Amino acid sequence: MNTNILQTLVTAMQRRLAALPQRLRPFTTEFDELPKNLMLTGARGCGKSTFLLHHSQGRRLLYFSADNPKIIGEPLYDLVSSVFMLGYEGVIIDEIHYASNWSIHLKALYDDYPGKIIWISDSSSLVLRDGKADLSRRYVAIQMPLMSFREFLYLETGQIYPKYKLGDTILPTQPDAELLNHFLNYRSYGTRPFYQEKDFEARYMAIIDKILNNDIPFFLPSISENNLRVMRAIIGTLANSSIPRVQVTSLCSDWGIGAEKLYQLLFVMESVDLLKIVKYPNDTKARSTGAKMLFADPCAYKVLNADQGTEREAYTVHCFSRAGYEINAMKDEKKGDYVITKDHVSQTLEVGGKNKNPKEADYVLRDNTDYPVGNAIPFWLMGMMW
């Protein structure tokens with residue numbers, strides 16, 4: 001490897017290390033030690049690079065991003081081998097899908113350098129699923145979720161609170177006016193740690209653009225300009241409608257696209273954490289728009305000035321999904337809006353504002369309230385589950 005290229009990478013890593021924030025989201029610091037071979041995935045902007053750089057401290061590792069123009073022409077195997085020959089303990093490779101034939105090169109590096117650390121990251125777990133060299137058997141996968149309200153509170157106040165479990169009678173903290181104000185801010189911009197920087201909404205929109213224009217075409221190479229417009233139309237439909245669904249027939253007719261291609265687009269949009277498709281229980285159809293289609297990040301509703309009622313549903317799905325529950329829509333809406341399942345135990349949920357008429361659900365999730373009463377759980381408490 002060219003000495004100038006190495007120095008460029010070393011200098012860039014030093015700048016990133018110097019820029020690490022003093023307070024890191026708790027997910028980052030909950031891991032005492034990382035596996036030698038790691039694949040970290042998570043939505044863009046959730047803090048993957050910070051996570052890996054934090055854990056690199058005290059070790060001789062070299063960080064670089066595979067989309068760095070300095071190294072795009074370098075075969076990944078040759079580049080990493082050169083780094084190892086210089087005495088480095090290992091490498092951290094961000095945006096791994098930008099490297100040509102990355103899965104084959106990673107398998108060879110794993111096999112040829114068994115004592116070395118190789119940490120890789122990307123914005124979609126599809127990189128492991130699509131890896132031709134069967135990386136899932138060689139690299140331990142960690143999924144980094146969007147930030148919880150509990151983590152947001154730590155970044156704002158320095159206080160770390162216990163995680164809440166559904167049914168707990170002891171609250172992790174008291175819902176005073178300050179906490180409830182933090183919660184309002186969290187729902188507007190708190191799911192990604194870069195909210196602390198300026199121009200949150202502009203940066204958020206830039207992430208959506210990069211996902212559509214750069215990430216999705218990698219996972220779906222046959223994509224066309226019209227397909228990109230269809231995905232933007234889907235985002236616009238979900239932002240402007242109080243009914244969280246899209247009509248397959250109408251979209252196909254309006255945009256001159258086949259149903260099979262539309263389902264492919266929806267699948268990839270969900271895989272890169274743009275959308276969350278919520279199905280009915282036992283719906284295993286691959287080609288499905290589900291019962292409801294929501295933005296995976298509830299903050300998208302604020303950024304896109306979208307429907308508040310739908311944001312409540314997206315927030316609910318976000319919280320329970322991130323807390324490890326399988327969540328499905330209820331067919332009989334008189335009994336509830338959603339059914340959640342964990343450890344083979346299922347419970348029903350009703351989602352609504354403070355004055356919504358009650359259903360027959362096991363738990364009632366209430367917005368604009370502070371304390372739990374009976375089976376009613378305030379929204380802020382759901383954000384303390386992870």
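The values are calculated or read from the model by the stated rules, or taken from the named source; none is laboratory data. Computed from a predicted structure; not experimentally measured. Note that each Cβ is placed from the backbone with ideal geometry, even for glycine, and that neighbours are counted across all protein chains shown.
Consider R232 against the criteria (1) at pLDDT below 95; (2) outside any loop (DSSP other than H, G, I, E, B): it satisfies all of them except one. Which criterion is unmet?
(1)
When T341 is evaluated against the numbered criteria (1) under 26 Å from R192 (Cα atoms); (2) modelled with pLDDT of 95 or more, which criterion, by number, is the only one it fails?
The failed condition is (1).
Does A141 satisfy the criteria of being over 19 Å from F64 (Cβ atoms), modelled with pLDDT under 95 and assigned to a strand (DSSP E or B)?
Considered against the rule, which asks whether it is over 19 Å from F64 (Cβ atoms), modelled with pLDDT under 95 and assigned to a strand (DSSP E or B), A141 comes out as yes.
Can you pull out every residue in segment 153-185 that is touching a His at 6+ places or on another chain (Cβ under 9 Å) and either β-branched (V, I, T) or not assigned by TED's automatic domain parsing to the domain that holds D343 (or both)?
Step one: filter segment 153-185 for residues touching a His at 6+ places or on another chain (Cβ under 9 Å), giving 153, 156-157.
The one that is touching a His at 6+ places or on another chain (Cβ under 9 Å) and either β-branched (V, I, T) or not assigned by TED's automatic domain parsing to the domain that holds D343 (or both): T157.
To keep it simple, each residue is scored yes or no on (1) in contact (Cβ under 8 Å) with a residue 60 or more places away in the chain; (2) surrounded by 21 or more Cβ atoms within 10 Å (Cβ to Cβ).
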position	(1), (2)
L262	no, yes
L274	yes, yes
T284	no, no
T289	no, no
K292	no, yes
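I'd like the residue in segment 164-222 that is basic (K, R) and not in a helix (DSSP H, G or I) and, out of all such residues, is surrounded by the most Cβ atoms within 10 Å (Cβ to Cβ).
R192
Kindly provide the set of residues from segment 141-155 that are over 27 Å from D176 (Cβ atoms) and either polar (S, T, N, Q) or without any contact (Cβ under 8 Å) to a residue 60 or more places away in the chain (or both), ordered by number. Quick ask: steps written out before the conclusion?
First, the residues of segment 141-155 that are over 27 Å from D176 (Cβ atoms): 141-144.
Scanning segment 141-155 gives a single hit, Q143.
Okay, residues lined up against (1) buried (at least 18 other Cβ atoms within 10 Å of the Cβ); (2) modelled with pLDDT of 95 or more:
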{"residue": "V80", "(1), (2)": "yes, yes"}
{"residue": "G87", "(1), (2)": "no, yes"}
{"residue": "I92", "(1), (2)": "yes, yes"}
{"residue": "H105", "(1), (2)": "yes, yes"}
{"residue": "L109", "(1), (2)": "yes, yes"}
{"residue": "I117", "(1), (2)": "yes, yes"}
{"residue": "G131", "(1), (2)": "yes, no"}
{"residue": "L135", "(1), (2)": "yes, no"}
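Please give the helices (runs of 4 or more DSSP H) falling wholly within segment 254-334 in which 1 or more residues are hydroxyl-bearing (S, T, Y) and closer than 17 Å to Y363 by Cα.
Qualifying helices (runs of 4 or more DSSP H): 308-322.
Name the residue, out of S242, S250, that is more than 15 Å from the chain's Cα centre (by Cα), at pLDDT below 95, of a type in the set (S, T, N, Q) and not in a helix (DSSP H, G or I).
Step by step, each of S242, S250 is checked, and only S242 is more than 15 Å from the chain's Cα centre (by Cα), at pLDDT below 95, of a type in the set (S, T, N, Q) and not in a helix (DSSP H, G or I).
Please verify whether Y63 is surrounded by fewer than 20 Cβ atoms within 10 Å (Cβ to Cβ) and outside any helix (DSSP H, G or I), treating the condition exactly as stated.
No: the conditions fail for Y63.
Take segment 12-26 and flag every residue that is within 17 Å of N68 (Cβ to Cβ) and out of contact with any Phe, Trp or Tyr (no Cβ under 9 Å at 6 or more places or on another chain).
Q14, R15, A19
Determine the pairs where a residue that is touching a residue at least 60 places away in the same chain (Cβ under 8 Å), located within segment 66-90, has a partner that is surrounded by 20 or more Cβ atoms within 10 Å (Cβ to Cβ) and in a loop (DSSP other than H, G, I, E, B) with Cβ atoms under 8 Å apart, the partner being 6 or more residues away or on another chain.
From segment 66-90, the pairs are L79/I71.
Is it the case that segment 26-38 has a residue that's more than 25 Å from E270 (Cβ to Cβ), surrounded by fewer than 13 Cβ atoms within 10 Å (Cβ to Cβ) and either touching a helix residue (DSSP H, G or I) at 6+ places or on another chain (Cβ under 6 Å) or at pLDDT below 95 (or both)?
Within segment 26-38 (the criterion being more than 25 Å from E270 (Cβ to Cβ), surrounded by fewer than 13 Cβ atoms within 10 Å (Cβ to Cβ) and either touching a helix residue (DSSP H, G or I) at 6+ places or on another chain (Cβ under 6 Å) or at pLDDT below 95 (or both)), the answer is yes, since at least one residue qualifies.
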